[in-house]
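So the structure is just underneath, and the comments pick up after that.
The values are calculated or read from the model by the stated rules, or taken from the named source; none is laboratory data. Quick caveat, the model's predicted, so the values are computed rather than measured. Heads up, the Cβs are rebuilt from the backbone with ideal geometry, glycines too, and the neighbour counts pull from every protein chain shown.
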Amino acid sequence: MTQLECLLPSIVFLPFVAAALALCVGRFTGRWTGILMVLAALTSFGQSLGLAAHVSRARPVAFVHEWIPSLHIALGLRGDPFGLFFALLISGIGALVGAYSLGYMPVMAPRRLGQYYAALLAFMGAMLGVALSDDLVLFFVFWEITSLTSFLLIGFWYEQEEARKGAMTALQVTALGGMIMMAGFIILGIVCGTFSLSQVAQTKDLQLRLAGSPLYVPTLLLILVGALTKSAQWPFHFWLPKAMVAPTPISTYLHAATMVKAGVFLLGRMLPIFGTAPLWTVILVPIGLATFLLAAYQAFTETDIKALLARTTVSALGLMTMFYGFTDGQQDALGFLSHATYKGALFLVAGIIEHATHTRDLRQLGGLRSRMPITFAICVLAALSMAGLPPLLGFHAKEALYEGLLYSPISGGSAVRWIVTGICLIANALLFAVSFRLVVGAFLGQATPQVKHAHEPSPLLWLPAGVLAGLALAMGLLSPLTERLVRGFSSTPGPQLHLSLVPSRTGPLILTLITIILGIVIYRSQVAAERWRQQIPSWPTAEQVWDRIMEAVTSWAVAFSVRWQSGSLRWYLSGTLVFTVGLTSYALWRAGISLTRVTISLAEMQWYGVALCALLSTSAVLVVRSRTRIGAAIALTTNGFLTALLFVVYRSPDILLTQILIETVSTIFILLILYFMPPFKADAFTALTRLTNLTIAAAVGLAMFAFIMLSTSPQFRETHNLALDYLSRSLAEAGGANAVNVIIVDFRAIDTNGEITVLVVVGLLVFGLLRARRNTHEG
Amino acid sequence: MRGDTPILRTVARFAVPITVWVSLVIFMQGHNLPGGGFIAGVMAGAAGAMYLLAFGTAKASRIPWWKVSVTGLLISVLTGTAPFLRGWAYMDHTIWHFQLPVIGEYELPTATFFDLGVYLIVLGTLMTIFVELAQEGR
């Protein structure tokens, strides 16, 4: 078994290695980088296939590597049939999309093509990670990588504003959902004491502990938000059509075959854990059903081919959500497979059409049949599968749907059963009409001026689409084989799942016939539907609401930044000082320390100490009273060097040296900057500003005085002496007699690490800002 | 800033190398005597400022100072991560013992490399800002 285990990380991480490679060699290989994508995908596919042959639900393969043991987080991968099935889908379609991209991507800078394939490969690796992760934290990491890479891929044509907007919306919705989901994962992990998905799913005790926890419902809700945003379910459905600005291979891969299914896949993973919760059904069934119907209707009225396909994808995902809502995991493999094959093929066909005619608008298309016969055949096959007609795979999926609706036990009684069945009928009929509209609109009828120069594309483009459509046909015809396949791969065992071209029961057959008749009626009443649509009043769509929220967030952030990051040094300084004083005073007060415990005896004071203090005070007053900037600078520097003298009195050469050097360098800085400063307007302050400044200054002075007096008073020097501790450990543990330096570079090295990083960043910022300013002035 | 003061230039010709030398000494003795990467870096930066005042920015601006500070950060962070290889924590320093031919036994704490990074960062950042600000004035 050990060799099999090692296949798991290989499947997931090989694409990431290939992604790094694509970035490196992309500028030399250009468009041929796609071959790397195909090879990597085929490798992962082969490995997944090899694993799938050896595992079963009872005997999955697991790979666990320690990651953060103190938090029970592990690098845990797990190959069970459902996960491997998803991995096969991801890598298989990945190979087809890689090949398609070879023919599809236009001639452009080789470097950008390298970036394209690198993002695509990283996406594939992350998707495979989602499919095979057992650890919830790892799952989340891969989940977010898919969001990030999809952001890059949707926004690939970043010169277009639409692409940037679509990518932003997709990222905002899915990443926000992902973060909310992460909160749910964390609660689940804390309550159960483990982040291992399979352990929670298989241990009754853990599930009972989770169900008994007061956080059960919040956990469920948080995780569901993640799944529903990723799978573009209502009310988050709007990001998917907007994401259609991506290159078509991306739309095919991310928005039809894989990424949007991740949300539904998560539901499948959560089904054994949360399936018994009443809330699970109450939330998922209505949302799934509403999305199924709403998106099917929107698809019917859409004219852009890709947006139309995106809407049907949302619709199909709604159906899958609904099934999980009914805690029915038998059909998921069948649903995934049938949707991925026909929708993948249709998206690729849409890409071919756009490639040949430079339009995706159904109103400008028509009569492509004679010009592109092969594409036409592929499109017809895929559309038939979407319409749910025999002998294609979509037919079986629809039959299984009706059979499940009619004969499975459904919570909520027969009223629910009939309402759900009725809505499903209408939605399926709509999808039937959409399929016909697509084929007729693009390929039949009169040839429009747009299609005059269209011709059959290269095999690189139609072959991948052909493979998918052919699979839909072959698996539809070989129904016994397909039945075994989807039964073995579904998330829950499916003994009730029967696929055959000749229906064994009359119920589903009747529903299918009604669907077809209804579909034809809807298709014929297209014009009426359009008129009806214009009459219904438009209420704010989910998209508008989302945009409004995003605008509000942005304007609030701007207002906040403008208020707090005003650019006024005095404001920053006041803020920092007030905060420091407040924190110090609070800490002293909390510890019950007050100045009454400090005894000050002036008897020990030497004459030179008194003289020094007088000089220091004088120079401090001069800094404030000075009428010119240069005067204030000189007074300040004097004050600094006098402070250095103070360290002579206290015999601390280290700090003395530091003080002198810092003072020197600060003076140089002040003198360098002085030249650029505006004239000093000391008289411009109002009385109120002066009073505020005085209060802050006095508070800082008092707080620092109290702090120093306390920390140097004899009683604290004995009980809280950090210095002695460091001094005693310095030479023994760090091999240095200079405790100050040992603290900096050894004992508190991580603090120093942070400080020097800040220093470097500040230097780079000054460099960047001044250089940029100079360049704009000169150029 | 133009270097047109003969007195300063004459003084700087001696003072700059001496200051840099002192800064190196302070850096090297830092682990046992007053000194260390930070103040040594500041001192070298002060020497750099003196150079700029005396001779102008023409030659000094040819050195990419920000790269010096970034190199320093790399050295410091790599020193911190090296203990990972032995399964230790981040910034877990140790002491190397050498038997050198003439000097005899010599102790080198690995923290010195970290300190070297600090030195370079302070020097690089100060010089970046000095040079950029000085060029601004022209």
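At-a-glance table
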{"read-out": "Residue list for segment B:102-134, filter: out of contact with any helix residue (DSSP H, G or I) (no Cβ under 6 Å at 6 or more places or on another chain), more than 7 Å from chain A (Cβ to nearest Cβ) and over 18 Å from A:I743 (Cβ atoms)", "value": "B:V102, B:I103, B:G104, B:E105, B:Y106, B:L108"}
{"read-out": "Subset of segment A:635-665 [in a helix (DSSP H, G or I), at the interface with chain B (Cβ under 10 Å from one of its Cβ atoms) and surrounded by fewer than 18 Cβ atoms within 10 Å (Cβ to Cβ)]", "value": "A:P653, A:I655, A:I662"}
{"read-out": "Filtered residues of segment B:62-77 (kept if more than 21 Å from B:H93 (Cα to Cα), surrounded by 16 or more Cβ atoms within 10 Å (Cβ to Cβ) and more than 9 Å from every other protein chain (Cβ to nearest Cβ))", "value": "B:V68"}
{"read-out": "Verdict on A:E399 being modelled with pLDDT of 85 or more, of a type outside the set (A, V, I, L, M), part of a helix (DSSP H, G or I) and crowded, with 20+ Cβ neighbours inside 10 Å", "value": "yes"}
{"read-out": "Residue check for A:V225: over 18 Å from A:S133 (Cβ atoms), touching an Asp or Glu at 6+ places or on another chain (Cβ under 9 Å), buried (at least 18 other Cβ atoms within 10 Å of the Cβ) and β-branched (V, I, T)", "value": "no"}
{"read-out": "Test: A:G592 is part of a loop (DSSP other than H, G, I, E, B) and more than 18 Å from A:Y650 (Cβ to Cβ)", "value": "yes"}
{"read-out": "Options B:T10, B:T57, B:T5: the member that is touching a residue at least 40 places away in the same chain (Cβ under 8 Å), more than 13 Å from chain A (Cβ to nearest Cβ), hydroxyl-bearing (S, T, Y) and more than 28 Å from A:F647 (Cβ to Cβ)", "value": "B:T5"}
{"read-out": "Residues located in segment B:20-43, provided they are more than 10 Å from chain A (Cβ to nearest Cβ) and among the aliphatic types (A, V, I, L, M)", "value": "B:V20, B:V22, B:L24, B:V25, B:M28"}
{"read-out": "Flag if B:T10 is under 21 Å from the mean Cα position of the chain (by Cα) and among the β-branched types (V, I, T)", "value": "no"}
{"read-out": "Flag if A:L769 is outside the structural domain of A:L672 (by TED's automatic domain parsing), within 32 Å of the chain's Cα centre (by Cα) and modelled with pLDDT under 90", "value": "yes"}
{"read-out": "Residue check, A:P218 in a helix (DSSP H, G or I), over 15 Å from the mean Cα position of the chain (by Cα) and buried (at least 24 other Cβ atoms within 10 Å of the Cβ)", "value": "no"}
{"read-out": "Qualifying residue in segment B:35-42 (condition: surrounded by 16 or more Cβ atoms within 10 Å (Cβ to Cβ), within 19 Å of the chain's Cα centre (by Cα), of a type in the set (G, A, S) and not in a helix (DSSP H, G or I))", "value": "yes"}
{"read-out": "Residue in segment B:79-98 that is surrounded by fewer than 13 Cβ atoms within 10 Å (Cβ to Cβ), within 11 Å of chain A (Cβ to nearest Cβ) and assigned to a helix (DSSP H, G or I) present", "value": "yes"}
{"read-out": "Subset tally (residues that are surrounded by fewer than 21 Cβ atoms within 10 Å (Cβ to Cβ) and under 15 Å from A:L384 (Cβ atoms)) for segment A:440-456", "value": "2"}
{"read-out": "Long-range neighbours under 7 Å by Cβ, at least six apart or interchain, first residue part of a helix (DSSP H, G or I) within segment A:284-298, second of a type in the set (D, E, K, R)", "value": "A:A295/A:R311; A:Q298/A:R311"}
{"read-out": "Selection from segment A:574-610 of residues that are at pLDDT 85 or above, of a type in the set (A, V, I, L, M, F, W, C) and surrounded by 12 or more Cβ atoms within 10 Å (Cβ to Cβ)", "value": "A:L577, A:V578, A:V581"}
{"read-out": "Qualifying residue in segment A:668-687 (condition: over 20 Å from A:R570 (Cα atoms), facing chain B (nearest Cβ under 10 Å) and modelled with pLDDT of 85 or more)", "value": "yes"}
{"read-out": "Residue in segment A:326-334 that is among the acidic types (D, E) and not in a helix (DSSP H, G or I) present", "value": "yes"}
{"read-out": "Set A:L501, A:L497, A:L511, A:L473: member being touching a Cys at 6+ places or on another chain (Cβ under 9 Å) and either touching a residue at least 12 places away in the same chain (Cβ under 8 Å) or not in a helix (DSSP H, G or I) (or both)", "value": "A:L511"}
{"read-out": "Candidate set from segment A:666-681 (those that are free of Cβ contacts under 8 Å to residues at least 24 places away in the same chain and in contact with a helix residue (DSSP H, G or I) (Cβ under 8 Å, 6 or more places away or on another chain)); member that is surrounded by the fewest Cβ atoms within 10 Å (Cβ to Cβ)", "value": "A:F676"}
